[in-house]
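J.: Once you've had a glance at the structure underneath, I'll fire off some questions.
The values are calculated or read from the model by the stated rules, or taken from the named source; none is laboratory data. Just so it is clear, the model here is predicted, and its values are computed rather than measured. So basically every Cβ, Gly included, is an ideal-geometry build from the backbone, and we count neighbours across all protein chains shown. Side chains included, ligands, DNA and RNA excluded: accessible areas come from the protein's heavy atoms. Shrake-Rupley method; radii C 1.70, N 1.55, O 1.52, S 1.80 Å.
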Amino acid sequence: MNCILVTGGAGFIGANFVHYWLREHPGDFVLVLDAVTYAGNLSSLSDVRNNPDFKFVHGDICNRELVAYLLREHNINIIVNFAAESHVDRSITGPDAFIRTNIQGTQSLLEAARDVWLASTKPPETCRFHHVSTDEVYGSLGPDDPPFTETTPYAPNSPYSASKAASDHLVRAYHHTYGLDVTTSNCSNNYGPYQFPEKLIPLCIINILHGRPLPIYGDGMNIRDWLYVEDHCRGIDLVIRRGKSGGVYNIGGCNEWTNIDIVNLVCDTVDQMFRSDPKLQDSFPDSPPASGSFSKELITFVDDRPGHDRRYAINPEKSEKELGYRPETAFEQGIRQTVNWYLENTGWWQDIINGTYRDWISTHYGM
Ligand code: NAD
Ligand code: TYD
């Protein structure tokens, strides 16, 4: 039985991972540590909060004493570090929080793990620190460049990717210097349920439903390699269970799309759903398909993001060969599932949009 600490478990990928782990590894204990920043959302975990194998702790990964206490108290043998500031645009307007959480926070977790796992007289039999990172640390690809591999030199371009790169180096150094058992995964862009509506795909879904513009940065030809979040969770699981200590694994979707093509796909998917479910017209009367128009009419080209990376793509060959990893969700299917989730869980994102989410937390959790 594993006792696993999931940092950032109230965020998008972390919450999906908690659901995934409790379902796939019954009997394991999952402890979430999350500071519940603007991006954290306890309602993403509301359906597991009464599970006896789950516990939530409100706290900051920079609080090393708290982390060390939790490791000891719960006999934690696996740490999965999702906690981060994760939005590139916010890192451009305010980088400080990224340096604090992504770099200092990761080091705080590493120190606590070193203290409890390596210096204690009775450490758990097997311990692993898994660090969740991004393909953005490798910088930007040209149109004909081969996809990133685990040996592509780091060349981060935004404060976000630079802070993630620094955290990756710290994780590597704690393995090399102190012998801490670590693994790192560098993953491409995720999409799916529970994603905060500042990121491209949920932003477009929700703006279409309200008849608001769909902002496309620059010429819309930037390319990302999109992966359904559940496939990412399965990849992390494989790295934790089968990855070599000190190993780095790229996880990707082999699924490169330009931004404009993605937004068109989301528009078509929403329009189709309105056609097959006339009740949606009453729920979202301002959405173009409610009045027989096309969602694509909302597409609006806006100023480009400063330093906008042109293309990311992952070569997942090492993860395929060493771990048996393969993405399973086809993009069109994943987008349908995602649009459907946002249509069926309007309360989740309306609370965020209406700003009532903080009230919800204090009522439900006394925070
Ligand atoms: P997110 O922004 O949705 O969630 C981050 C979570 O971390 C939130 O719940 C937040 O409250 C919590 N948090 C922030 N600062 C904290 C602190 N100091 N202490 C404790 N908790 C804190 O992020 P996400 O999209 O779920 O990304 C999770 C991880 O995956 C990040 O490390 C990110 O770099 C990485 N990643 C994300 C993607 C993607 O497409 N979203 C792709 C590859 C890698
Ligand atoms: P995003 O979801 O912010 O992820 P990342 O920057 O980490 O890749 O953005 C995905 C792509 O979509 C990126 O190229 C920026 C672009 N984008 C837009 O064109 N408009 C938007 O409103 C947003 C949020 C992103």
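J.: Which condition number in (1) touching a Leu at 6+ places or on another chain (Cβ under 8 Å); (2) farther than 24 Å from Thr184 by Cβ is the one that Asn81 fails?
T.: (2)
Results for (1) within 23 Å of Gly235 (Cβ to Cβ); (2) modelled with pLDDT under 95, shown as yes or no for each residue.
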site	(1), (2)
Val67	no, no
Arg100	no, no
Leu109	yes, no
Ala112	no, no
Glu125	no, yes
Ser133	yes, no
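J.: Is there a residue in the range 210-222 that is of a type in the set (Val, Ile, Thr), within 15 Å of ligand 2 (Cβ to nearest atom) and in contact (Cβ under 8 Å) with a residue 12 or more places away in the chain?
T.: Yes, the range 210-222 contains a residue that is of a type in the set (Val, Ile, Thr), within 15 Å of ligand 2 (Cβ to nearest atom) and in contact (Cβ under 8 Å) with a residue 12 or more places away in the chain.
J.: I'd like to check which helices (runs of 4 or more DSSP H) are fully inside the range 217-329 and have at least 3 residues that are open to solvent by 60 Å² or more (accessible area, probe 1.4 Å) and over 28 Å from Gln350 (Cα atoms).
T.: 317-323
J.: Look through the range 37-52, keep the residues that are buried (at least 19 other Cβ atoms within 10 Å of the Cβ) and touching a residue at least 40 places away in the same chain (Cβ under 8 Å), and return whichever of them is farthest from ligand 1 (Cβ to nearest atom).
T.: Ser43
J.: Considering only helices (runs of 4 or more DSSP H) fully contained in the range 53-148, which possess at least 1 residues that are within 13 Å of ligand 1 (Cβ to nearest atom), open to solvent by 60 Å² or more (accessible area, probe 1.4 Å) and more than 24 Å from Val32 (Cα to Cα)?
T.: 88-93
J.: Still on this structure, I have one more. With the requirement that a residue be open to solvent by less than 40 Å² (accessible area, probe 1.4 Å), within 16 Å of ligand 1 (Cβ to nearest atom), in a helix (DSSP H, G or I) and not small (Gly, Ala, Ser), what does the range 149-178 give you?
T.: Tyr160, Lys164, Asp168, Val171
J.: Same structure, new question: Yes or no: the range 14-21 includes at least one residue that is out of contact with any Leu (no Cβ under 9 Å at 6 or more places or on another chain) and open to solvent by 40 Å² or more (accessible area, probe 1.4 Å).
T.: Checked the range 14-21: no residue is out of contact with any Leu (no Cβ under 9 Å at 6 or more places or on another chain) and open to solvent by 40 Å² or more (accessible area, probe 1.4 Å).
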